[in-house]
Amino acid sequence: MSTTPKSEVMEEQTLPLRTPREESAGEVAAERAHGPRRILVLGATSGIAEACIRLWANRGDALYLVARNADKLAVVAADARTRGASHIGTAVANLDDTAGHAEVLAHAINSLGGLDVAFLALGVLGEQPEAEKNFAAADQILHTNFVAPVSLLTWLANYTAQRHAGTLAVLSSVAGERGRKSNYVYGSSKAGLTAFVDGLRNRIDRDGVRVMTIKPGPVKTAMTEGMKGSAKFADVEAVAASLVKAIDRGDDVVYVPGIWRVIMAVIRAVPERVFKKMNL
């Protein structure tokens, strides 16, 4: 899939384009408080991202959506446009290609005329049994879930820190809190991402940038369809509503649903001599 950005812009509602140097601190604060928020969504066709996009579009935010599947992306963008997003831009890009990240991100920010929120929702579950036998399968999971987001976040962190404003919201997972035999390759990729985001928050929070770690439990989406127990997974619309509110508040770490904070505290507390005998 090509990494060359292809943007769709609502010409009659295009936002003014300015470089970061042309935005004073007062202008940035005023835009965040009163104008539509300028939101970049990376991995825009994931189930959680789609549900969040619907909510942002409903309130008239400006959106730039990036995903690898052109057909699915067009559907998501059309729906957001119908719901009332004040601006829609899109790019078809395979975000596994880290060499193309700078171009995609610069194009997105130019289209939006700045950046208030970047929501990173890219990721794959992968196949644990295959990853156990074949390093190439494990490598793909690790690259998509860890290496690619680290590349994107490095660029975005430098941009937002120089501007002293913005929110970087990153979709990790409760699976990263303790390795389990059923999904330890996926879990380790999310553990690495969580640690990276923790360190990034420690580095640039003092520069006025909010860095948010999102840790969902199992959510009912296309990615989890057919998994054991999926009928009891969290509703994606409820999860999205919680995330949008948390991003607006500028939370540091959010578990969705919130009960997972307690569940994971219990799981982390299980002694290793007991834990290694459990079937999780």
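If the condition is being in a helix (DSSP H, G or I) and either among the polar types (S, T, N, Q) or under 17 Å from the mean Cα position of the chain (by Cα) (or both), then the range 78-101 contributes THR82, THR98, HIS101. In the range 107-128, the residues that are touching a residue at least 24 places away in the same chain (Cβ under 8 Å) and among the aromatic types (Phe, Trp, Tyr) form Cβ pairs under 7 Å with partners that are part of a helix (DSSP H, G or I) and buried (at least 23 other Cβ atoms within 10 Å of the Cβ), at six or more places apart or across chains, as follows: PHE119/ALA49; PHE119/CYS52.
Here the condition is being surrounded by fewer than 24 Cβ atoms within 10 Å (Cβ to Cβ), at pLDDT below 95, farther than 25 Å from THR154 by Cα and not aromatic (Phe, Trp, Tyr); of ALA33, ALA51, ALA57, ALA25, it holds for ALA33 alone.
One residue alone among ALA165, ALA137 is assigned to a helix (DSSP H, G or I), over 19 Å from SER46 (Cβ atoms) and either free of Cβ contacts under 8 Å to residues at least 40 places away in the same chain or in contact with an Asp or Glu (Cβ under 9 Å, 6 or more places away or on another chain) (or both), and that residue is ALA137. If you check VAL211, VAL185, VAL170 for being in a strand (DSSP E or B) and in contact with an Asp or Glu (Cβ under 8 Å, 6 or more places away or on another chain), only one passes: VAL211. Any idea how many residues of the range 75-100 are surrounded by fewer than 22 Cβ atoms within 10 Å (Cβ to Cβ) and either under 15 Å from LEU152 (Cα atoms) or among the polar types (S, T, N, Q) (or both)? Count: 8.
Scanning the range 186-203 for residues that are surrounded by 22 or more Cβ atoms within 10 Å (Cβ to Cβ) and either under 17 Å from VAL117 (Cα atoms) or among the hydrophobic types (A, V, I, L, M, F, W, C) (or both) yields LEU193, VAL197. Regarding VAL66, is this residue in contact with a strand residue (DSSP E or B) (Cβ under 8 Å, 6 or more places away or on another chain), buried (at least 21 other Cβ atoms within 10 Å of the Cβ) and part of a helix (DSSP H, G or I)? So VAL66 does not fit the description; no. With the condition kept exactly as written, say whether any residue in the range 132-141 is in contact with a helix residue (DSSP H, G or I) (Cβ under 8 Å, 6 or more places away or on another chain) and modelled with pLDDT under 95. No, the range 132-141 contains no residue that is in contact with a helix residue (DSSP H, G or I) (Cβ under 8 Å, 6 or more places away or on another chain) and modelled with pLDDT under 95.
Here the range 232-273 is the region considered, the condition is being β-branched (Val, Ile, Thr), over 18 Å from the mean Cα position of the chain (by Cα) and in a helix (DSSP H, G or I), and the residue that is nearest to ASP61 (Cα to Cα) is ILE259. When you look at SER182, is it among the small types (Gly, Ala, Ser), over 18 Å from the mean Cα position of the chain (by Cα), over 21 Å from ASP198 (Cβ atoms) and modelled with pLDDT under 95, yes or no? Yes. If only residues of the range 168-185 that are touching a residue at least 60 places away in the same chain (Cβ under 8 Å) and crowded, with 21+ Cβ neighbours inside 10 Å are counted, the one that is nearest to ARG37 (Cα to Cα) is ALA169. Within the range 197-234, the residues that satisfy the criterion of being among the polar types (S, T, N, Q) and at pLDDT below 80 are THR221, THR224, SER230.
The values are calculated or read from the model by the stated rules, or taken from the named source; none is laboratory data. Given the structure is predicted, the values throughout are model-derived calculations rather than measurements. Neighbour counts are summed over all protein chains in view; Cβ atoms, including those assigned to glycine, are modelled from backbone coordinates with ideal geometry.
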